[in-house]
Amino acid sequence: MILEKSADVLLLNGYTVNTNGFAYGKTGIALTLFEIAEYLDSDRIYDHAVNLFQEVLACEVSNTDFVNGKAGIAFALQYLIKRRLLDADYMELYGKCHRDIIKKISQLQYSESEYASFLGYFLFIETSDCLSATDYIKLSEIIRNCIFRFLTGFNTENNTTDFVVISELLHAIICIQKPYGDFILEIERIFNKLILKNVNEPDTDTLLFLLQFYIYGALHEQPDIMKNTEKVLETLPNISTANFTLRQLTDIIIYILRIYRLNNHIDYRATAYKIMDSIISGDIDSFEQKTVRLIRNGNSLNFGLGYGFCRLLTCCLYLNKSTQNLFNDDLIKLTA
């Protein structure tokens, strides 16, 4: 079984990764192990997940951002508690770091180059159950102003193809599952300027954006958005996987399953399985061996939940659950 064999790769090599963050480090690895342990009902894997996450919590982390720092670890801890995968008190375990994150966000100043960190803090704020009402209002206003300023300043004349950053915001909004109408109005403006003409023959980045925008429209009952993006669905069976990265391929699989979850008459799951087969090339052993070599060479990027092996396993888990009609929409948040 792919998940069980792959979990052993994580168990054997996860401790050697020298970063602790959500996207590239031990936090993401631990989250993946927790999910696999629940699915396989494995106490052995669960115990390793707990030990690895305890190692993360015991380490001193100076960075407060989401990708590599405290905000991502805080997100993971709250996720595990909400999913009842870990019996713990968030503030007791992570209260000091939680306050460090709040302090950092409260001092943020807008800078276009810091857009990625704004998105991470946005995810932290909007998914946390441990912010006071006062803190939420204050921090949310700071982050939303920063993101809105970036969107309104996005020059559609000079950014003819570089809308990946907009796509990342849309991905975050879908994970959070709230409408954010002010953001969407600006995204629609950019869509109409840059993307609408490419709906029938989308390039790699456009395809991902259109799938996300379609999902947003379906989630929040926006028929105009769905109508403007639905043609992209017809391109799915003919995708050439050679043009995509591992992160992009796993995202496409997740988007296909999410669309089916929203409307089971739109069923491209056969394409999702085809893409998964192309990723592992029918031989999970060789894929694992390649991954382990990358880890031992210090390339944790290819092992993490953000872009690598753990993301693939999370995607595989979601694919298995969808086949068994065991949809877990919380699992989508791990792909943030």
Write out, first by first residue and then by second, each pair whose Cβ atoms fall under 9 Å of each other, whose residues are 6+ apart or on separate chains, and whose first residue, in segment 171-187, is of a type in the set (D, E, K, R) while the second is in a helix (DSSP H, G or I) and open to solvent by less than 10 Å² (accessible area, probe 1.4 Å). D182/L151; E186/L151; E186/I166
As an exercise: evaluate A133 against (1) over 22 Å from the mean Cα position of the chain (by Cα); (2) surrounded by 18 or more Cβ atoms within 10 Å (Cβ to Cβ) and give the number of the one condition it does not meet. (2)
Could you check how many residues of segment 35-79 are within 22 Å of the chain's Cα centre (by Cα) and over 21 Å from E4 (Cβ atoms)? 20
Taking segment 94-117 as the region of interest, how many residues are in a helix (DSSP H, G or I) and either among the basic types (K, R) or modelled with pLDDT under 95 (or both)? 10
For segment 88-127, which positions are under 13 Å from L77 (Cβ atoms) and in contact (Cβ under 8 Å) with a residue 60 or more places away in the chain? T127
Considering only segment 99-115, I want to know if a residue exists there that is within 24 Å of L219 (Cα to Cα), touching a helix residue (DSSP H, G or I) at 6+ places or on another chain (Cβ under 7 Å), of a type in the set (D, E, K, R) and open to solvent by 70 Å² or more (accessible area, probe 1.4 Å). no
Has segment 239-247 got any residue that is modelled with pLDDT of 90 or more and either open to solvent by 10 Å² or more (accessible area, probe 1.4 Å) or part of a helix (DSSP H, G or I) (or both)? no
Taking segment 177-221 and the residues there that are polar (S, T, N, Q) and in contact with a helix residue (DSSP H, G or I) (Cβ under 7 Å, 6 or more places away or on another chain), the one that is modelled with the highest pLDDT would be Q212
Selected residue (only one of L3, L52, L11, L33 is touching a Cys at 6+ places or on another chain (Cβ under 7 Å) and not polar (S, T, N, Q)): L3
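The values are calculated or read from the model by the stated rules, or taken from the named source; none is laboratory data. Computed from a prediction, not measured in an experiment: that's the story for all the values here. Don't worry about glycine lacking a Cβ; one is built from the backbone with ideal geometry, like all the others, and counts go over all protein chains shown. What goes into the accessible areas is simple: the full protein's heavy atoms, side chains included, and nothing from ligands, DNA or RNA. Shrake-Rupley method; radii C 1.70, N 1.55, O 1.52, S 1.80 Å.
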